[in-house]
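**Student:** So that we are looking at the same thing, I have put the structure below in structure tokens.
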Amino acid sequence: MLRPFDPGERPTGLGAWLGEIPETLFDDRIYVCCELVERYATDLALALVGRLGLAPALAAGATAEEMLAAGGFVAAFQPALTALLDRLAEAGYLARQPRGRQTAWRAVAALPAPEFAELRRLGATVDPRVGSTLDLLDAAAEAFPKVASGVATGEQELFSAGRIALWLAYFSNDNPAYALNNRLTAAVATHRLRPGDGLRILEVGAGAGSFAHALLGELDRRGRLGDVALYDFTEPSPFFRRRGERELRAAFPGLALRSRAVDIDAPLADPADAGTGYDLIVGVNVFHVARDLGASLGRAREALVPGGWLLAGECMRLFPGQTVPADLVFQLLRSFTDVQLDAAARPHHGFLEPGAWRRAFELAGLADAAVVPDLERIRDRYPRFLTGVVAGRRAA
Ligand SMILES: C[S@@+](CC[C@H](N)C(=O)[O-])C[C@H]1O[C@@H](n2cnc3c(N)ncnc32)[C@H](O)[C@@H]1O
């Protein structure tokens, strides 16, 4: 890894691999933002080695279980610890060695000092709004020692009242590193909506509405906002839901918006709608927290009209075991780690690989399952295009 940080040039020819996705969505600025966030996450992992006192264990070589025992850390910390170690291994600072059925990590290079100030300075030059992703990573790093020692859970640390502004700034179309998820999904959705009016759209896990703004804005630009007969804006958290509803009603005053709480671990349809299905069901960075992914996808398929599309905009790891910056945040949360596994449909918790997503959609009976853009082609050219849209439809 180059130090000081140098993102290099955006890989050439990416446009041809993006297919239906306009290349403008992944321009030079977004590229540098994504690379910068990657490096910032690695530097936080470096700093956490010191804050958690892991250096002696890493010098000798140790498994995660041994590090938990040596540090007096709670078992629930293991996923976050493993994400941290994997990140440093990927960056070339640690070697992974098989130890029986476990993995041991050992330092193979001197751990350099993090370059937070330089990275923040570069971020402010390229796009100051990327700071909201760096702020959330900082908050996660602050939570690490407390979650490790068991004095607090990740939820207590990251979902406290004082952290709400951080989440709102992160899940925002003003945050370039996050907005890419929304813009991609909005593009894929508008390309798949059937022509004509009377469209019924269900969004799950809609949060405070950043994806809804992206999609409805895109439909508006295409002159199709009037085709929407129902935008079913659903989100379990009352705080985010009310805020999202308020802002959407202000931005799209004529829209037929309904706002309600829906849990993807339970049936999706409103009983009042008996007999009507959705043309589009969509969730951005939501379906990976389904407790039983296959069951949630199956219920979504049933709630579609024949020919209707299910879209999951998702942060993805492009190779098995690859870490993504968001792991440092979400591996601290039980909702992320405590899911039912299934060798075929859900091989591990957290962010899945494109092939695993496609298989999960196919096993749930969705037709024409695909990941857009084609991340399995893109990854050979650029291994950190970490977001895509899983698409599949109910057979007509
Ligand atoms: C990553 S955020 C999504 C942000 C949102 N899509 C946006 O456009 O800003 C995940 C959302 O899923 C919601 N969520 C968590 N568990 C859920 C569940 N079981 N069913 C539905 N939504 C859930 C969370 O409350 C949160 O708002």
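**Student:** If the requirement is being crowded, with 18+ Cβ neighbours inside 10 Å and not assigned by TED's automatic domain parsing to the domain that holds VAL147, which of these qualifies: LEU333, LEU341?
**Tutor:** Answer to the check: LEU333.
**Student:** Continuing with the same structure: Restricting attention to region 281-295, which residues are out of contact with any Ser or Thr (no Cβ under 6 Å at 6 or more places or on another chain), surrounded by fewer than 24 Cβ atoms within 10 Å (Cβ to Cβ) and over 18 Å from HIS213 (Cβ atoms)?
**Tutor:** HIS288, ARG291, ASP292, GLY294, ALA295
**Student:** Does at least one position in region 198-205 carry a residue that is surrounded by fewer than 20 Cβ atoms within 10 Å (Cβ to Cβ), away from the ligand (no atom under 16 Å from the Cβ), over 19 Å from the mean Cα position of the chain (by Cα) and not charged (D, E, K, R)?
**Tutor:** There is at least one residue in region 198-205 that is surrounded by fewer than 20 Cβ atoms within 10 Å (Cβ to Cβ), away from the ligand (no atom under 16 Å from the Cβ), over 19 Å from the mean Cα position of the chain (by Cα) and not charged (D, E, K, R).
**Student:** Can you tell me which of ALA212, ALA206 is under 22 Å from LEU304 (Cα atoms), assigned to a loop (DSSP other than H, G, I, E, B) and in the same structural domain as ARG258 (by TED's automatic domain parsing)?
**Tutor:** It is ALA206.
**Student:** Right, something else. Residue by residue through region 244-259, note down the ones that are in contact with a helix residue (DSSP H, G or I) (Cβ under 8 Å, 6 or more places away or on another chain) and not aromatic (Phe, Trp, Tyr). Step through it out loud before you land on a result.
**Tutor:** Of region 244-259, the ones in contact with a helix residue (DSSP H, G or I) (Cβ under 8 Å, 6 or more places away or on another chain) are 244, 247-248, 251-252, 254-255, 257, 259.
Of everything in region 244-259, those that are in contact with a helix residue (DSSP H, G or I) (Cβ under 8 Å, 6 or more places away or on another chain) and not aromatic (Phe, Trp, Tyr) turn out to be GLY244, GLU247, LEU248, ALA251, GLY254, LEU255, LEU257, SER259.
**Student:** It is to be established whether one or more residues within region 146-157 are among the basic types (Lys, Arg) and crowded, with 17+ Cβ neighbours inside 10 Å.
**Tutor:** No, every residue in region 146-157 fails to be among the basic types (Lys, Arg) and crowded, with 17+ Cβ neighbours inside 10 Å.
**Student:** Looking at region 221-237, is at least one residue near the ligand (Cβ under 9 Å from one of its atoms), of a type in the set (Ser, Thr, Tyr) and touching a strand residue (DSSP E or B) at 6+ places or on another chain (Cβ under 7 Å)? Explain how you work it out, then say what you get.
**Tutor:** Step one: filter region 221-237 for residues near the ligand (Cβ under 9 Å from one of its atoms), giving 234-237.
From what is left, the residues that are of a type in the set (Ser, Thr, Tyr) are 234, 237.
Pick out the ones that are also touching a strand residue (DSSP E or B) at 6+ places or on another chain (Cβ under 7 Å) and you get 234.
There is at least one residue in region 221-237 that is near the ligand (Cβ under 9 Å from one of its atoms), of a type in the set (Ser, Thr, Tyr) and touching a strand residue (DSSP E or B) at 6+ places or on another chain (Cβ under 7 Å).
**Student:** A further question follows. Against the definition (closer than 18 Å to ASN173 by Cα, surrounded by 20 or more Cβ atoms within 10 Å (Cβ to Cβ) and in contact with a Lys or Arg (Cβ under 7 Å, 6 or more places away or on another chain)), how does ALA212 come out, yes or no?
**Tutor:** Here the answer is no, as ALA212 does not meet what is asked.
**Student:** Looking only at residues that are in contact with a strand residue (DSSP E or B) (Cβ under 7 Å, 6 or more places away or on another chain) and more than 16 Å from the ligand (Cβ to nearest atom) in region 187-196, which one is nearest to LEU375 (Cα to Cα)?
**Tutor:** The extreme case among them is ARG192.
**Student:** Kindly check whether there is at least one residue in region 4-22 that is among the aromatic types (Phe, Trp, Tyr), at pLDDT 95 or above and within 20 Å of LEU180 (Cβ to Cβ).
**Tutor:** no
**Student:** Suppose we keep only residues that are assigned to a helix (DSSP H, G or I) and in contact (Cβ under 8 Å) with a residue 60 or more places away in the chain within region 337-386. Which one would you say is nearest to PRO7 (Cα to Cα)? If you could, list the steps in order and put the result at the bottom.
**Tutor:** Keep residues of region 337-386 that are assigned to a helix (DSSP H, G or I), which gives 337, 354-363, 375-381.
In the following step, the residues that additionally are in contact (Cβ under 8 Å) with a residue 60 or more places away in the chain were identified as 337, 360-361, 363, 377-379, 381.
Numbers: THR337: 31, ALA360: 34, PHE361: 35, LEU363: 39, ARG377: 21, ILE378: 18, ARG379: 17, ARG381: 15 Å.
Only one residue tops the list, namely ARG381.
**Student:** A follow-up question, please. Looking at VAL108, VAL49, which is the one that is among the aliphatic types (A, V, I, L, M) and closer than 30 Å to TYR170 by Cβ?
**Tutor:** Of the residues listed, the single one that is among the aliphatic types (A, V, I, L, M) and closer than 30 Å to TYR170 by Cβ is VAL49.
**Student:** Here's something else I'd like to know. Among the residues of region 142-186, which ones are assigned to a helix (DSSP H, G or I) and more than 15 Å from the ligand (Cβ to nearest atom)?
**Tutor:** Matches in region 142-186: GLU142, ALA143, PHE144, PRO145, LYS146, VAL147, ALA148, SER149, GLN156, GLU157, ALA161, GLY162.
The values are calculated or read from the model by the stated rules, or taken from the named source; none is laboratory data. Everything numeric in this text was worked out from a predicted model, so none of it was measured. As a convention, Cβ positions derive from the backbone with ideal geometry for all residues, glycine included, and neighbour counts pool all protein chains shown.
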